[in-house]
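Encoded as C-alpha cells, the structure appears first; notes follow it.
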Amino acid sequence: MQLPTQTFTTHRLVTLPSKDELCKAFVGQPLSSLRSPAAIIDRSIFKANCQAMAKKVKDNGLRFRAHVKTHKTVEGIALQVEAGGKVDKAVVCSTMTECWQIAESRLVKEGLVNDILYGMPIALDKLEDAKSLANYLRPHNAQFRLMVDSVTQIQALEQYAQKSSQPVGQTPWSVMIKLDGGYHRAGLTVNSDELKQAIRLCLDSPYVELFGFYAHFGHSYNARSEDDAHTYLQGEVEAINGAAKMALEMDSRSSGPDDPYVLSFGATPTAHVSNTLVKDKMYGELELLPPTDRYFRLPRHAGNYCCLDLQQVATNLTSIENVAVSVQSRVISAYPHRNEALCDAGGIAMSKDTGPYPGFGKIVSPKEMSEWELGRVSQEHGILVQKQGAAKIALPEPGQIIRICGQHACMILSNHPWYYIVEDGGDKVVDVWVPWKGW
C-alpha cells in the first residue's frame, strides 16, 4: 500500500499560558475576582474520586489504567496514578499531544508514568510520529502502545517497520486491538472474520506484538441504575473474554503468550458498579478461562470518574456532591416578561452536549438558585430558566455570581485555557492547572 505523507505533533509549537504567572496572578484570590466564565475544579473532590476508584478496583482484585482525556494536565494525572490500590503507572490518551506532553513532563522523568496507550486507532499519517515517541520513551524505561481496529492498520505498521529497516526480532509496535461491543464508535466485532484476521496478522508478524484487547462501552452512559450498569459491564467482559479465547486458540505456543494478554475493559459508569455485583456476577457468571494469572491480566480503565458531571449523576451511580468540575458565570440581564435571565456561560464555556437532565447545566451555587437551570445556549449566551413545574421565584439579579454543573466535563474543560483550583469547597484559588491543547 502507499502510505500517506507523515504528519507530526505540533505540541512544541503551541505556547501554553505560564503556570507560574497564572499562580502569581490568581492564587489566594477570591473566586469573585475571576473573569467569567471560569472553569473551577475542587481538588479535594477530584482526589477523593481517584482514591475511591483505586479502592474499588483493589477490592475487585483488578488493576486500573487511568484515562487522562478529561482534564489533560500533569497535576490531575499525578493524582490519578498516585491514588493507591492497584492503579498502574499506565495511562490512556486521546490525542498524540497528550502522549508527547506526558512523555516530556515530570510524570515520566519521575517514574509516575511508564506506559502510555494512544487510545485512538492509529491513523496512517501518524506512524513516523508514533515511532519517534516510542524511541523517546525507551531510555526512560517507558512503553508506548497503539490501538488498532483494522487489518489495514496492522499491515501499515508492518510496512513502515520494513521501510525503516527495523531488524526482525526488535518489535517496534506494541498494539491493543479495540473491540466493538455495540457502541459502534470504533473497534472490531467479537467473533468476526476481521478480528480473527487481525489477531493472526499480529501473531505471525515479526514487527507487531499483540499486547491485548480493549473494550469501551460508551453506551453505558445510558445506564440509570446499578443493574443497568452491570448489564453493560457484562457486555464488556463478554467482549474481551471472547477475543481472548480466540487469541489463545490461535496462539501456536503451547505455553501460551510469553507475557499475559492484557484484557482492558471499562467506562466510568461500569467502573462504578459495586464490588458485590462485580464479584458475584462477573466472576461467577463470566469466569475467564484459562486462569487469569497465567494467560491474562485484567485492568479496568476510565477517565471521567475523577471529575464527573451531570451525565454521570444521571446514571444514579454517583451524586452531584461528587462532581469536582463547575463553571462560574455571572448573570448579565433579567427578563421578567418571560421569567428568564441571561448569563455569560454559553455553548463555548459549557459545550452543547446534553443528557437525561434537561438543558445544558444545573445551578449548584448559590443554593437559593437550585430551581434554575441553563436551559438554552448559543456561542456566548446562556439562558437561565426555572425547572419545569417549579413554583415561580424571584429572578436572579444582574451581576450575581453563579456556579453551573455541566453535562459533560470532558467537553467543557476542553474549551477553557486553564482551570482555577479550590480545596474543600473553598472560595479562594489555591492553584491553577494548564491543560494541553491540540491533537
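Here are some notes:
- Filter result (modelled with pLDDT of 95 or more and either within 14 Å of LEU384 (Cβ to Cβ) or not assigned by TED's automatic domain parsing to the domain that holds LYS392 (or both)) within segment 345-371: ALA345, GLY346, ALA349, MET350, GLY359, PHE360, GLY361, LYS362, ILE363, VAL364, SER365, PRO366
- Residue within segment 393-402 that is out of contact with any strand residue (DSSP E or B) (no Cβ under 8 Å at 6 or more places or on another chain) and either at pLDDT below 95 or not hydroxyl-bearing (Ser, Thr, Tyr) (or both) present: yes
- Some residue of segment 217-225 being within 23 Å of ASP125 (Cβ to Cβ) and assigned by TED's automatic domain parsing to the domain that holds ASP259: no
- In segment 135-155, the residues that are touching a Leu at 6+ places or on another chain (Cβ under 8 Å) and over 15 Å from ILE177 (Cα atoms): GLN143
- Scanning segment 238-270 for residues that are at pLDDT below 80 and either buried (at least 24 other Cβ atoms within 10 Å of the Cβ) or under 25 Å from LEU308 (Cβ atoms) (or both) turns up PRO269, THR270.
- Search result, residues across segment 320-331 that are among the small types (Gly, Ala, Ser) and in a strand (DSSP E or B): SER326, SER329
- Pair list, Cβ under 8 Å, 6 or more apart: segment 332-355 residue exposed (fewer than 13 other Cβ atoms within 10 Å of the Cβ), other residue at pLDDT below 95: TYR335/LEU395; PRO336/LEU395
- Every residue from segment 101-134 that is over 21 Å from GLN155 (Cβ atoms) and in contact with a Leu (Cβ under 6 Å, 6 or more places away or on another chain): ALA103, VAL113
- Any hit, segment 304-319, residues being surrounded by fewer than 18 Cβ atoms within 10 Å (Cβ to Cβ), of a type outside the set (Val, Ile, Thr) and assigned to a loop (DSSP other than H, G, I, E, B): yes
- Positions within segment 59-80 being surrounded by fewer than 22 Cβ atoms within 10 Å (Cβ to Cβ) and touching an Asp or Glu at 6+ places or on another chain (Cβ under 8 Å), in sequence order: ARG63, LYS69, GLU75
- Across segment 12-21, not a single residue is classified as crowded, with 19+ Cβ neighbours inside 10 Å, in contact (Cβ under 8 Å) with a residue 40 or more places away in the chain, of a type outside the set (Phe, Trp, Tyr) and in contact with a Phe, Trp or Tyr (Cβ under 9 Å, 6 or more places away or on another chain).
- Residue count for segment 216-230, restricted to those that are at pLDDT 80 or above and among the hydroxyl-bearing types (Ser, Thr, Tyr): 1
- For segment 372-379, the criterion of being among the polar types (S, T, N, Q) and at pLDDT below 95 is satisfied by no residue at all.
- Some residue of segment 13-21 being of a type in the set (Lys, Arg), farther than 23 Å from VAL429 by Cβ and not assigned by TED's automatic domain parsing to the domain that holds SER264: no
- The lone exception for ASP427 - which of (1) touching a residue at least 12 places away in the same chain (Cβ under 8 Å); (2) out of contact with any Leu (no Cβ under 7 Å at 6 or more places or on another chain); (3) not hydrophobic (A, V, I, L, M, F, W, C) it fails: (2)
- One residue alone among ARG330, ARG300 is out of contact with any Pro (no Cβ under 6 Å at 6 or more places or on another chain), at pLDDT 75 or above, of a type in the set (Lys, Arg) and under 26 Å from LEU79 (Cα atoms), and that residue is ARG300.
The values are calculated or read from the model by the stated rules, or taken from the named source; none is laboratory data. Only a predicted model underlies this, so the values are computations on that prediction, with no experimental measurement involved. Cβ atoms come from the backbone with ideal geometry, glycine included; neighbour counts cover every protein chain shown.
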